[in-house]
Amino acid sequence: MELISQHKCFNGVQSFYKHESTSTNFPMTFSVYEPPQAKLHKVPVLFYLAGLTCTDETFMIKGGAQRYAAEHGIMLVTMDTSPRRTGIKGAGDSWDFGHGAGFYIDATQEPWSACFRMESYVVQELRNIILAQFPARADRIGVFGHSMGGHGALTLALKYPEIYQSVSAFAPITAPTEVPWGQKAFSAYLGPDQSTWLQHDASALMRTRKTPFPQGILIDQGLDDQFLDEQLKPHQFEAACWAADQPLTLRRHSGYDHNYYFISTFMQDHIAFHSAILNK
Ligand SMILES: N[C@@H](CCC(=O)N[C@@H](CSC=O)C(=O)NCC(=O)O)C(=O)O
């Protein structure tokens, strides 16, 4: 693990790292914000999954989360959104597929299956690194994310409720099997059998559960989001939560679009939401 840079931030420490990943078989970058409380004892840890085109820097630079993480004593971790410079044909041709678009799943189809393994990377490899190398509590882990990363947060939390105690999202892709971004990625990474896609669709997963997160799920969605109707479809997840008896706070905000001005506006609420569960 190579330290790229380190910065004091709200009396805590913001660090950027690079390492050789055994999940993706490529170098990966990730970043960690350690709040001041982490100098004294282990703290809860909140993983942030970023959206299409983002890197491990996007959220740490634009999200404005460190101030609130310092107040609540929560460690923040985020990572690049895929392996990079893989040499796979077509991986760099479009901004919504391939590099920067790992979708937080393990690809099963060649050539993607050799390195597009972001589910294993986030859930196992990076979590193990964080728990071994940083003062993070293994029994207090939350996950949140934006857009493609909102899809990642919801699906990983639903697949691994024994790992993640809290989950929230900003403008998540909630039904990837039904929208162009998800269909483009899943058909390449998972192949033509659409029954396998449903294991990675938050709305489909929720329909097979019964109150998986009794303490609730928080979602914020801007109503001027350019991707709302075609790609995000929060009403699908809302209906699935209703059917699963899952408490959901889905807040629709007039005037907000899809970017980090929207995300940073509601960041304080998301950190407080996770803190109420993780610091209980
Ligand atoms: N084509 C543009 C826009 C890409 C974009 O909007 N990416 C979003 C996530 S979309 C769903 O996952 C994002 O978070 N961008 C980063 C940012 O700093 O706003 C492009 O290539 O940037």
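The values are calculated or read from the model by the stated rules, or taken from the named source; none is laboratory data. Model, not experiment: these values are computed from the prediction. Note that we place each Cβ from the backbone using ideal geometry, even for glycine, and neighbour counts take in every protein chain shown. Side chains are part of the model used for accessible areas, which takes the heavy atoms of the whole protein and leaves out ligands, DNA and RNA. Shrake-Rupley method; radii C 1.70, N 1.55, O 1.52, S 1.80 Å.
If the cut-off is a Cα-Cα distance under 27 Å, which lysines reach Lys184, setting aside same-chain residues fewer than 8 apart in sequence?
Straight-distance partners of Lys184: Lys89, Lys159, Lys233.
Compare the peptides 165-175, 249-259, 76-86 by average per-residue count of other Cβ atoms within 10 angstrom and give them in order, highest first.
Working: 165-175: 27.9, 249-259: 13.9, 76-86: 23.4.
For the peptides 165-175, 249-259, 76-86, the packing ranking is 165-175, 76-86, 249-259.
Using +1 on the beta carbon of Lys and Arg, -1 on that of Asp and Glu, and nothing else charged, what's the dipole of the chain about the Cα centre, debye to 20?
The dipole of the chain has a size of about 740 debye.
Under a 1.4 Å probe, what is the accessible area of the chain per residue, stated in Å²? Walk me through the numbers before you get to the answer.
Numbers: 11170 Å² over 280 residues.
I get 40 Å² per residue for the chain.
In the range 2-279, what percent of the accessible surface is made up of carbon and sulfur (1.4 Å probe, ligands and nucleic acids excluded)?
50 percent
Nearest 500 deg cm²/dmol is fine: what mean residue ellipticity at 222 nm does the chain get from its DSSP H runs of n ≥ 4 alone, each adding -39,500 (n - 2.57), divided by its residue count?
Values: 9 runs with 80 residues, N = 280.
Taken over the chain, the calculation gives -8000 deg cm²/dmol.
Specify which residue in the list Gln109, Tyr189, Cys54 is farthest towards the positive end of the charge dipole of the chain, using unit charges on the beta carbon of Lys, Arg (+1) and Asp, Glu (-1), about the Cα centre.
Sorting the options by dipole projection puts first Cys54.
Return the distance in nm (one decimal) between the two label points of a simple spin-label model at Thr208 and Asp96, each offset 7 Å from Cα along Cα→Cβ.
About 2.6 nm, to one decimal.
Keeping every protein chain in place, order Lys184, Lys233 by accessible area at 1.4 Å, biggest value first, i.e. largest first.
Lys184, Lys233
Say the dipole of the chain comes from +1 at the beta carbon of Lys and Arg and -1 at that of Asp and Glu; which of Ala202, Gln14, Ala132 then lies farthest toward its positive end?
Farthest along the dipole direction, towards plus: Ala132.
Toward the positive end of the charge dipole of the chain, about the Cα centre and with charges on Cβ (Lys, Arg +1; Asp, Glu -1), which of Asn279, Val77, Ala171 goes farthest?
Asn279
Out of the DSSP beta bridges found with both residues in the chain, what percent are antiparallel (nearest 5)? Don't skip to the end; give the middle numbers.
On the way: 21 of 45 bridges.
So the antiparallel bridges amount to about 45 percent of the total.
Which of the chymotrypsin sites (Phe, Trp or Tyr not before Pro) found in the range 85-153 are loop residues per DSSP with 12 or fewer other Cβ atoms within 10 Å of their Cβ?
Trp95
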